[in-house]
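The values are calculated or read from the model by the stated rules, or taken from the named source; none is laboratory data. Just so it is clear, the model here is predicted, and its values are computed rather than measured. For neighbour counting, all protein chains shown are included, and Cβ atoms are generated from backbone atoms with ideal geometry for every residue, glycine included. Just so you know, the surface numbers come from the protein's heavy atoms only, side chains and all, with ligands and any DNA or RNA stripped out. Shrake-Rupley method; radii C 1.70, N 1.55, O 1.52, S 1.80 Å.
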Amino acid sequence: MRVRPYDAVLCDIDGVLRHWPAPGLTDLDHVHGLPAGTIAAAAFAPSRLHPAITGEVTDEQWRAAVATDLADACGSADRARRIVSAWSAFVPRVDQEVASLLTRVREVVAVALVSNATTRLESDLARQGLNGLADAVVNTSRIGVAKPDPRVYRTAAARVGVPVHRCLFIDDTADNVVAAREVGMAAVHYRRIEDLEDALSALLPT
């Protein structure tokens, strides 16, 4: 009888399960005659992004603030709002291989999705048919702290009822992987599908 090395798999979403179009925002900059990096600099400035992924502001408030920040560069507030609306319409590609692996693993152990995300995450997952993929979704904007804060990992383990040392954490960001190990989890730095296949092979029948 095979002994399971883990009782839960905790998986990041963006960069593992979903991939945003690339170059994406740079294309949007070009289309609207903006210097490359203009939209990303406004949207992902720490002073803007951190409140959005820790729930201090809603997704709608974050995007409205980004539009305000872009108004001068865009020449008008109306044009900035249109550009932010175009950015907001981007849809990430779901990696069906990752989704399939997580579905198979969920037949053996608990699965949670753990994401630094805004309050829009749940509706986005539902729109892409991913809301039933896991036993739990830990959205940092709902719990008030973001990875790599150790409370995120402990919350995720608690949501699936598994001790931290029995969890496998997967993320494409190295700092988040290090933080998971520091709280006692096994952790994998995801860079390609083979990383996930190798990590989950001990849980899946050959």
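For the range 105-112, the criterion of being small (G, A, S) and either over 16 Å from the mean Cα position of the chain (by Cα) or farther than 28 Å from S47 by Cβ (or both) is met by at least one residue.
With respect to the conditions (1) open to solvent by 60 Å² or more (accessible area, probe 1.4 Å); (2) at pLDDT 95 or above; (3) within 27 Å of A64 (Cα to Cα), N131 lacks only one, and its number is (2).
Going through (1) touching a residue at least 40 places away in the same chain (Cβ under 8 Å); (2) in contact with a helix residue (DSSP H, G or I) (Cβ under 9 Å, 6 or more places away or on another chain); (3) farther than 22 Å from D59 by Cβ one by one, V183 falls short only on (1). Within the range 77-87, if we keep just the residues that are open to solvent by less than 30 Å² (accessible area, probe 1.4 Å) and either within 18 Å of E122 (Cβ to Cβ) or of a type in the set (A, V, I, L, M) (or both), the residue that is farthest from the chain's Cα centre (by Cα) turns out to be A80.
If you filter the range 1-38 down to residues that are in contact with a Gly (Cβ under 9 Å, 6 or more places away or on another chain) and open to solvent by less than 30 Å² (accessible area, probe 1.4 Å), you find that the one that is farthest from N116 (Cα to Cα) is D29.
Across the range 73-100, what is the number of residues that are under 24 Å from R191 (Cα atoms) and assigned to a helix (DSSP H, G or I)?
The qualifying residues number 5.
Just one of the listed residues (V57, V84, V31, V114) is touching a residue at least 60 places away in the same chain (Cβ under 8 Å) and at negative phi, namely V114.
Name every residue in the range 101-128 that is open to solvent by 60 Å² or more (accessible area, probe 1.4 Å) and either assigned to a helix (DSSP H, G or I) or in contact with a strand residue (DSSP E or B) (Cβ under 8 Å, 6 or more places away or on another chain) (or both), in order of residue number. T103, R104, R106, E122, R127, listed by residue number. Restricted to the range 135-206, the set of strands (runs of 3 or more DSSP E) holding at least 1 residues that are over 18 Å from T54 (Cα atoms) and more than 16 Å from the chain's Cα centre (by Cα) comprises 167-171, 186-189.
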